[in-house]
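Report on one structure; see the data block that follows.
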Ligand code: UFG
């Protein structure tokens, strides 16, 4: 298939581009490099053994999208391009809605104009908000607690409504839990700018001696060791989930939302210990106050994704930490 990957130079997009290329798809990446390094497309080519096309443009740029659709004639689109910092979203909500919601709309309009009816959208488990039940099934109520989560939920709604109006549309919105790790080649990975917001990249930088210690945000949650429990998923498993979702979108019309997680929980302290083992380094940490907005537990029920696509996560916590450490060790 000819596949347009928006945000394809980003963290999850770059790993997905590799998996698509290796599966034999033709890929064009559209990225504005707002949160990606310039050499990522070359690195993707080095890992995959062949290159993706590149269009440097913003997903909110309708003229650029029209050009890509005219030239490349994509049969499917995987849409990652967007802003993703939960804290920043609360400070500049209009910018988040402009890029994430208006950008997605512009893309869908370009798809509609070109007759492209296969879409995989990058959503997030954050659309569930505070969970009523664990593990979280797709039928759980949707009540995001911040503008980032709302931007994802709004796009899901737009895709659902588009599917009702256009019965030929095949669309899958993937609700990711906590993506971590890197490609085992260590040629691509997550390169946060400034202080990492997320646990794994922060732990990796402490192991590398770049930061003194990890702040563990609360040890008084209702969990076995009192620290937050999350469903971490290896980014390569997540990339493979996109390949499966694209096949599902191409297999027939309909709009579906699917969880992408492992269904297994890992606490902050377990993550630190696993990373110590993977890196062979001691990782200093201290307990601090809870981070506002954090929930105690977030765990996927991944059964529906498996049932619909046959996909299931294969890589364990040790592989997530080993691959993240190899990537971190190659950074200057
Ligand atoms: N944590 C720490 N110290 C840190 C960073 C995180 O103790 O320095 C803890 C958090 O309190 C939480 C766990 O580690 O218990 C995981 O935190 P992350 O920031 O790595 O991930 P979140 O679950 O908070 O957020 C992720 C994505 C968001 C998404 C959210 C809900 O980063 O984009 O899941 O799906 F919105």
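FYI, it's all coordinate maths here, none of it is from the lab. Quantities reported herein were computed from a predicted structural model and do not represent experimental measurements. Because the Cβ atoms are built from the backbone with ideal geometry, glycine has one as well, and the counts that use them run over all protein chains shown.
Take 188, 287 and order them by how many other Cβ atoms sit within 10 Å, fewest up front.
287, 188
Using only Cα atoms, tell me the angle between helix 147-165 and the longest principal axis of the chain; keep it within 0 to 90° and round to the nearest 10. Taking the Cα atoms of the chain, the angle to 147-165 is about 30 degrees. Among 124, 215, 151, a tally of other beta-carbon atoms within 10 Å of each Cβ gives an order, fewest to most, of 215, 124, 151. Compared with the dominant principal axis of the Cα atoms in the chain, helix 268-279 is inclined by about 90°. Sorted on the mean count of surrounding Cβ atoms within 10 Å across their residues, most packed first, peptides 129-142, 56-69 read 56-69, 129-142. Where both bridge residues fall in the chain, DSSP classifies roughly 5% of the beta bridges as antiparallel. If the chain linking residue 2 and residue 210 were pulled fully straight, counting 0.36 nm for each residue of separation and taking away their Cα-Cα distance, it would gain 70.8 nm.
Sorted ascending by nearby beta carbons within 10 Å, beginning with the fewest, 225, 323 become 225, 323. If R0 equals 35 Å, the separation of the Cβ atoms of residue 195 and residue 46 corresponds to a calculated FRET efficiency of about 0.75. In this simple spin-label model, placing a label point 7 Å from the Cα along the Cα-to-Cβ direction at both residue 291 and residue 185 gives a separation of 3.0 nm. Applying 0.36 nm per residue to the separation of residue 63 and residue 143 and subtracting their alpha-carbon distance, the gain on full extension is 25.4 nm. Each 10 Å bin from zero up to the one holding the largest Cα-Cα distance in the stretch 111-176 carries the following percent of pairs: 21, 47, 26, 7, 0. All Cα-Cα separations within the stretch 64-181 were binned at 10 Å from zero, giving a P(r) of 13, 42, 33, 11, 1, each value a whole percent of the pairs.
Rounded to whole Å and ordered largest first, report the semi-axes of the equivalent ellipsoid of the stretch 225-332 derived from its Cα gyration tensor (root of 5λ).
Semi-axis lengths for the stretch 225-332 are 30, 18, 11 Å.
What does the extension gain come out to for residue 284 and residue 113, with contour length at 0.36 nm per residue minus their alpha carbon separation?
That works out to 56.1 nm of additional length.
Rounded to the nearest 10 degrees, the inclination of helix 103-114 to the longest alpha-carbon principal axis of the chain is 30 degrees. At the listed q of 0.15 Å⁻¹, the Debye profile of the chain, built from one uniform point per Cα, gives log10 I(q)/I(0) equal to -1.30.
Once the C-beta distance of residue 37 and residue 157 is scaled by a Förster radius of 41 Å, the resulting FRET efficiency is 0.80 to the nearest 0.05.
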